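Trainee: Got a structure for you, written out below as structure tokens; questions coming shortly.
The values are calculated or read from the model by the stated rules, or taken from the named source; none is laboratory data. As the structure is a computational prediction, the values presented were derived from the model and not from experiment. Counting neighbours? That spans all protein chains shown, and the Cβs are built from the backbone with ideal geometry, glycine included.
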Amino acid sequence: MGWTQTRQPITWSSHLSIGVPGIDEEHRLLVEAHNDLASAWGSTAEHEVAARAMRDLFAYADYHFRHEEELMRDARYPELGIHRRQHLRFIDMLMALDAHFTAGRAGVLDISDFVGNWLLTHIRFTDRQLGEYLCGEYLFGEYLYGAPPTAAGAAPVGIDAISQVAPLVR
Ligand SMILES: [Fe+2]
Ligand SMILES: [Fe+2]
């Protein structure tokens with residue numbers, strides 16, 4: 001797989017959709033966070049703008065990864081372990097780059113290139129695989145036909161996940 005230059009803003013397109021509307025929206029916001037970081041390059045107060053963009057990126061990536069991992073647990077996704085390790089590795093790499101940036105050993109473009117390439121690859125392959133599983137699970141699996149409540153009056157496990165894909169059920 002080639003190394004894509006991402007100094008230009010990444011434009012959101014349907015090629016990045018994984019078929020789960022809530023997750024697609026979070027990915028769109030992550031792409032925006034990447035673009036904010038990349039746009040810090042060469043600006044006046046580059047360091048401050050980039051540091052702020054990095055904080056936003058860390059916070060939003062953490063939120064998004066937790067959400068995806070919750071969906072995977074609810075759906076008993078068999079690839080949860082491998083997928084989660086990719087998320088953890090991304091955070092580790094980002095923290096290392098952030099430390100280099102703070103120490104003046106890495107520039108904004110080193111970080112935004114890494115983030116952009118990671119996002120594009122992870123969304124197109126790893127997250128898309130999850131999207132296919134979730135769509136199959138919820139469209140054709142037990143949830144569509146109504147799983148028995150887990151306790152009196154309680155919602156079945158995965159109710160949040162259902163709302164994520166509900167617009168796909170026609
Ligand atoms: Fe994702
Ligand atoms: Fe993911």
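Trainee: Can you find a residue that is over 22 Å from Tyr133 (Cα atoms), away from ligand 2 (no atom under 15 Å from the Cβ) and hydroxyl-bearing (Ser, Thr, Tyr) anywhere in region 56-72?
Mentor: No - not one qualifying residue is present in region 56-72.
Trainee: Considering Ala103, Ala75, which residue is within 18 Å of Tyr133 (Cα to Cα) and more than 14 Å from the chain's Cα centre (by Cα)?
Mentor: Ala75
Trainee: From the list Gly81, Gly104, which residue is on the phi > 0 side of the Ramachandran plot and away from ligand 2 (no atom under 12 Å from the Cβ)?
Mentor: Answer to the selection: Gly104.
Trainee: If you go through region 23-42 one residue at a time, how many are within 16 Å of ligand 2 (Cβ to nearest atom) and of a type in the set (D, E, K, R)? Give the steps one after another, and end with the answer.
Mentor: Kept after step one, since they are within 16 Å of ligand 2 (Cβ to nearest atom), are these residues of region 23-42: 23-31, 33-34.
Among the residues that remain, those that are also of a type in the set (D, E, K, R) are: 24-26, 28.
Number of matching residues: 4.
Trainee: Considering only region 100-122, state which residues are among the charged types (D, E, K, R) and within 24 Å of Arg85 (Cβ to Cβ).
Mentor: Start the filter on region 100-122 by keeping residues that are among the charged types (D, E, K, R), which leaves 105, 110, 113.
Those that are among the charged types (D, E, K, R) and within 24 Å of Arg85 (Cβ to Cβ): Asp110, Asp113.
Trainee: Quick test for you: out of Leu119, Leu144, pick the one residue that is more than 18 Å from the chain's Cα centre (by Cα) and either at pLDDT 95 or above or surrounded by fewer than 17 Cβ atoms within 10 Å (Cβ to Cβ) (or both).
Mentor: Of Leu119, Leu144, the one residue that is more than 18 Å from the chain's Cα centre (by Cα) and either at pLDDT 95 or above or surrounded by fewer than 17 Cβ atoms within 10 Å (Cβ to Cβ) (or both) is Leu144.
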